[in-house]
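Working notes, structure below.
Bear in mind that the values in this text are calculations on the coordinates, not laboratory data. What you see is a predicted model, and the numbers here were worked out from it, not measured in a lab. Cβ coordinates were reconstructed from backbone atoms using ideal geometry, including for glycine residues, and neighbour counts include every protein chain displayed.
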Amino acid sequence: MNPIIRLVNRNLTISLNMGFVIWQIVFPLIYIFVAGFAYTALIHQVPFGNKTLDYPAFIATGMIGFNIMNSTLISGVIIWNDRRHGMFEQILVGPFTRAQYILSNVYTIGIIGLVSAAMITAVGYPLFFKQVEFNVLTVPLVVFASITGSILFGSIASIISTRLKSSEGFNVVINTVFLFFAFVSTAFYPAQGAPPILSTAFYFNPLTYLVDVVRAGIFGYFNGMVATEMIVLGIGAAVLFLVATKLLSKLEL
Amino acid sequence: MYGIEVNSLSKSYGNFTAVDGIDLKVEQGKIFGFLGPNGAGKTTTMKMLTTLIPPSSGKMSILGIDAIKSPLEIRKKIGVVLQQPSYEPTLSVEKSLEKYGMMWNVDKKIRKNRVEELLVAFDLVDIRKKKNDDLSIGQRRRVQVAREFMHDMDLLFLDEPTVGLDPSARRGLLDFIKGKVKDGLTIFFTTHILEEAEYLCDDIAIINKGKIIAVDTPDELKNKFGRQKTIKIHVGQQENISSLLDGIPDCTMEYDTGCIITVHSSQSEQVLQDILKILASNHILVEDLSVVPTSLEEIFLSVVKNSNESNNSPGQ
């Protein structure tokens, strides 16, 4: 068996426990079915491209991106735990190279990101099926967003895990950064209508781009803005992946 | 072909030289002990030999393969038990062994059998379902060492593998290792417990301040450096005995309250003859007599002390 596949197998085994799966399903369900309906009283409809979406449909699709981001935290956690529990060195004195270790993390978060996206799509489908407009671009757009988003956020989590030395520091930084990504984005609410500073800040956040591309795929709306967002997402993922790889390669043993 | 062959190997961090031009040859199928005080350069050497860090200069050949050119080829043929704990907290003991075997691409059927063998050999059967996070330090160490035997290898590096183990687990591990060496495995072993090195190792190197200061078999090291011996003489009376023996040269003596004289001397045979002559001529009965052999620990302390003194002497 290929060494990368063996490492991915190991990564999935150590990361996927019942707690993680429940967290990955229950947390978005609460947002979709509780916040989604509760906020309908305040936000009736949300404009998206040439369409108007019901808020539950809007937040359910936002949750797909949010869940992809959340699940990629696992990449940082794997690296952090491997360093903390001595497995990083142990793997590197085994039949593996650093490049294989790094790639195995990318594949792991890619798989988890895709599965998370599929899971939330299935769960949220009853809420947005009326407004869904599947076309030839739907699957490519959602898969592109899932993979680039996973790599981008996985790289951010990896960078954080290589720079910090204490558990407390790792938890504080990763939670703060991901909290910012989650709430200063268009995952939960539209940019239109928000104060100008905030709506500008939304576009300094890669989750906004990820969520917009997912929505574009699901609601069949593709224009120049979505294409630009895809390019930004792709470049961001590539740059951050290179930075994460460089930092991991230089990690002292 | 040697298991390990190292020439002028050095590792520096800025101005600090952790390992300073060491030469080593480890024969295949032997257990090689690598001893040294804290900070002597043992772990840095181990990290270079296991290809975890590159040397600053020098040559390394592991199992006949150039370690600088082909580190991955070497890593496929060696096993390493690091000094620091390494474990996956969420996995159970048996799952840890099984997954480690999978990572080494060991066939599923062989993995299954090895897990059972190692659980028994390392006394892990009762805790096989326990998660690594819930184990004691000693149990975790046993799992870490056991896990390394999930895969085949030609050379095993053990960096203080018995730390945290109780005496019976420690002896069990040493005997298990001895058994593996009979099957042809070469072992590079560091430890602070010198009785272990004496019990286990065919050859020993002592490193201090980054330099190898002695290499030989434990017996030869004793012959070379273990000239001072300790003699214990139990006598029937002790009145005025110190005044009778104090004139004997080349020794130091201690008299305890119960009639035991302890003599330290590098000329033990001559000193013993002189003592026995004086005791006989004064009609003092010798009830018991023993010569305590030099332990490896004494050799180690003496060699390291000499090395420190020569490093600190003027002109060095």
Inter-centroid distance (Cα atoms) of region B:144-167 relative to region A:163-204, Å: 45
Average beta-carbon neighbours from other chains, 10 Å sphere, peptide B:79-87: 4
Fluctuation leader among B:Asp274, B:Asp133, B:Asp152 - chain B, Gaussian network, Cα springs under 10 angstrom: B:Asp274
Vicinal HN-Hα couplings computed from phi for region A:224-233 (Karplus, 6.51 cos²θ - 1.76 cosθ + 1.60; Hz; Gly/Pro x): x, 4, 5, 4, 4, 4, 5, 5, 4, 4
Value of Rg/Rh across region B:58-127 [Cα atoms, Kirkwood radius]: 1.07
Exposed-loop-free span, longest in chain A, where trypsin sites (Lys or Arg not before Pro) count as exposed if DSSP calls them loop and at most 16 other C-beta atoms lie within 10 Å: A:1-129
Dmax and Rg, reported as Rg then Dmax, of region B:51-204 (C-alpha, Å): 15.7, 48
Potential lengthening between B:Leu244 and B:Asp123 on full extension [0.36 nm per residue; Cα-Cα distance subtracted]: 37.8 nm
Solution diffusion estimate, µm²/s, Stokes-Einstein, the protein assembly as shown, Kirkwood Rh from C-alpha pairs, 4 °C, viscosity 1.567 mPa s: 46
Cβ-based exposure ranking for B:Lys77, B:Lys109, B:Lys99, in which fewest neighbours within 10 Å come first: B:Lys109, B:Lys77, B:Lys99
C-alpha long axis of helix A:138-163 to longest principal axis of chain A, angle in °: 50
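Which whole-number value in Å³ per residue fits the convex hull of the alpha carbons of region A:1-132?
On the way: hull volume 16.6 nm³, N = 132.
Enclosed volume per residue, from the Cα hull, is 126 Å³.
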Inter-part distance where region B:124-141 and region B:1-26 are each reduced to a Cα centre, Å: 36
Peptide-level mean, for B:95-104, of C-beta atoms on other protein chains within 10 Å: 3
Separation of the B:Thr252 and A:Arg84 label points, Cα + 7 Å toward Cβ, nm: 5.0
Largest-first ellipsoid semi-axes for chain B, taking √(5λ) over the Cα gyration tensor eigenvalues, angstrom: 45, 26, 16
Theoretical ellipticity at 222 nm over chain B - DSSP helices of four or more residues, -39500 (n - 2.57) apiece, nearest 500: -11000 deg cm²/dmol
Distance in nm between pseudo-label sites at B:Ser136 and A:Val34 (7 Å out along the Cβ direction from Cα): 4.4
Alpha carbon centroid spacing (whole Å) that separates region A:7-74 from region A:107-147: 11
Helix A:3-15 vs. chain A, principal-axis angle (Cα, 0 to 90°, nearest 10): 70
Cut-off under 5 Å, modelled amide H: who pairs with B:Leu289 long-range: B:His234
Antiparallel DSSP beta bridges within the protein assembly as shown, percent to nearest 5: 70
Per-q log10 I(q)/I(0), region B:1-134, q = 0.12, 0.16 Å⁻¹ (Debye; single scatterer per alpha-carbon; no solvent): -0.63, -0.95
Theoretical FRET efficiency, 1/(1+(r/R0)^6), r = Cβ-Cβ of B:Lys25 and B:Asp166, R0 35 Å, to 0.05: 0.50
Burial order of peptide ranges B:33-45, A:17-29 (average beta-carbon count within 10 Å, highest first): B:33-45, A:17-29
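In deg cm²/dmol, rounded to 500, what helix-only [θ] at 222 nm does chain A give when every DSSP H run of at least 4 residues adds -39500 (n - 2.57) and the total is split over its residues?
-24500 deg cm²/dmol
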Cα long-axis angle, helix A:206-218 against chain A (0 to 90 degrees, to the nearest 10): 60
Projected-area average for chain A over all orientations - Cα convex hull basis, square nanometres: 13.9
Shielding by other protein chains, A:90-103, mean Cβ within 10 Å: 5
Binned Cα-Cα distances of region B:227-292, short to long, each 5 Å bin given as a whole percent: 4, 18, 35, 28, 13, 2, 0
